[in-house]
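Input: a single structure, listed below in structure tokens.
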Amino acid sequence: MDGADGLRPPVLECVDVAKRFGAVQALDGLTMSLDAPATGLLGANGAGKSTLLRTALGLTRPDRGSVRILGLDTVRGRSEVRRRVGFMPEHPCLPNDMSAQDVCVSLARMRGLGHRDAVRRTSEVLFAVGLEEERRRPVGSYSLGMQQRTKLAQALVHGPDVVLLDEPTSGLDPAGREEMLAIVRRLSTELGIRVVASSHVLDDIERTCDEVVVLRSGTLAAQRAVLVGHDPSGPAELRVNGDVGAFAAALEPRVAPFGVSLTPTAAGDIGLSASLDAALDAVRDLAAERGVGVERLAPAARGLEDVVVDAMAGGTR
Ligand SMILES: Nc1ncnc2c1ncn2[C@@H]1O[C@H](COP(=O)(O)OP(=O)(O)OP(=O)(O)O)[C@@H](O)[C@H]1O
């Protein structure tokens, strides 16, 4: 169940949140509600992603507006936020001379776990991020990918309900990136941990998240389900060989009973108001009966990439 059911608060709710650093307005009246199992924050450099994550943790205090994470006030409820939320910062933050094991146990203790639980949870999370073999080596001897996975492990070690990941694939080579994306996807799909992850790369978000939020100049520029381009019942476009008008005229009475109407598209194809299975079957049946080739039958909805590119256009302050 999610916040929309009224049974569980949204992961993150911002109302008119503003934060200025000197001359820079990092967040500029940001209002949004995030409720998906995994949400990707996308934006150009300086769009406000890190500031938003830090504000959501209570590490940065907004000048104006309110931020709630899991329904908790991030200013007044900081200790509860620390217990229920994990954070993976973008930049290096691990002590080089400590092992991943020691880092995780220490942070678990600081977040309130007893020694036994801290050790048990550390084993579990280091296994989950693929570091169990190397857990006793100093972090300074790790590859960047291993350091990133240690940062993720420490964000998970106290059993949070939600993790905030700031650029989890930053600086990783292709193999390290693949590993990280696979782990991030599993957090929400298999481990039931809700995720808010920032990235510059739409592909990362498409592969790990259910929803994408685009920030631009500290404001919300777009919020879309990742599957926006593949809505199975959304409008469709049909391109057939031969006499398009005759095909459309014959198709119309076959799809009308399902509430589907036809309109010509700008490209001269046939636009279907909905791509219901029954309407698509009618297209295929008619094409087969008439020996007409179907060149293209595809969702007409704009792809996620178009939406995101439009939303990001205009740059950042
Ligand atoms: N502590 C700070 N002091 C001064 N300026 C800051 C501070 N933190 C952020 N900023 C500025 O606020 C703006 C938003 O920064 P933020 O780090 O939130 O963006 P971002 O979307 O995470 O960018 P990036 O993708 O480069 O990490 C930037 O112009 C940044 O330079």
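Annotations
- Verdict on Ala288 being part of a helix (DSSP H, G or I), modelled with pLDDT of 90 or more and under 13 Å from Asn241 (Cα atoms): yes
- Test for Ser217: is it in the same structural domain as Asp28 (by TED's automatic domain parsing) and in contact with a Lys or Arg (Cβ under 7 Å, 6 or more places away or on another chain): yes
- The C-beta contact set for the stretch 66-87 (first residue farther than 18 Å from Arg194 by Cβ, second residue buried (at least 17 other Cβ atoms within 10 Å of the Cβ), distance under 7 angstrom, 6+ apart or interchain) comprises Val75/Gly58; Arg78/Gly58.
- Look at (1) in contact with a helix residue (DSSP H, G or I) (Cβ under 8 Å, 6 or more places away or on another chain); (2) in a strand (DSSP E or B) and you find that Asp204 fails only one, number (2).
- Taken over the stretch 146-172, the criterion of being within 16 Å of the ligand (Cβ to nearest atom) and assigned to a helix (DSSP H, G or I) is satisfied by Gln148, Lys151.
- The stretch 10-35, subset in contact with a strand residue (DSSP E or B) (Cβ under 7 Å, 6 or more places away or on another chain) and assigned to a loop (DSSP other than H, G, I, E, B), residue farthest from the ligand (Cβ to nearest atom): Pro10
- Of all residues in the stretch 25-54 being among the hydroxyl-bearing types (Ser, Thr, Tyr) and closer than 22 Å to Asp204 by Cβ, the one that is farthest from the chain's Cα centre (by Cα): Thr51
- Any hit, the stretch 70-90, residues being within 15 Å of the ligand (Cβ to nearest atom), surrounded by fewer than 19 Cβ atoms within 10 Å (Cβ to Cβ) and aromatic (Phe, Trp, Tyr): no
- Flag if Leu41 is within 15 Å of Ser170 (Cβ to Cβ) and away from the ligand (no atom under 16 Å from the Cβ): no
- Inspection of the stretch 238-257 finds no residue satisfying the criterion of being closer than 21 Å to Ser33 by Cα and in a loop (DSSP other than H, G, I, E, B).
- Scanning the stretch 307-317 finds one or more residues that are part of a loop (DSSP other than H, G, I, E, B), under 30 Å from His200 (Cβ atoms), of a type outside the set (Gly, Ala, Ser) and not assigned by TED's automatic domain parsing to the domain that holds Asp203.
- Helices (runs of 4 or more DSSP H) lying entirely in the stretch 39-145 (those with 3 or more residues that are at pLDDT 90 or above and out of contact with any Gly (no Cβ under 7 Å at 6 or more places or on another chain)): 49-56, 100-110, 115-128
The values are calculated or read from the model by the stated rules, or taken from the named source; none is laboratory data. Values in this document were obtained by computation on a predicted structure and should not be read as measured data. So basically every Cβ, Gly included, is an ideal-geometry build from the backbone, and we count neighbours across all protein chains shown.
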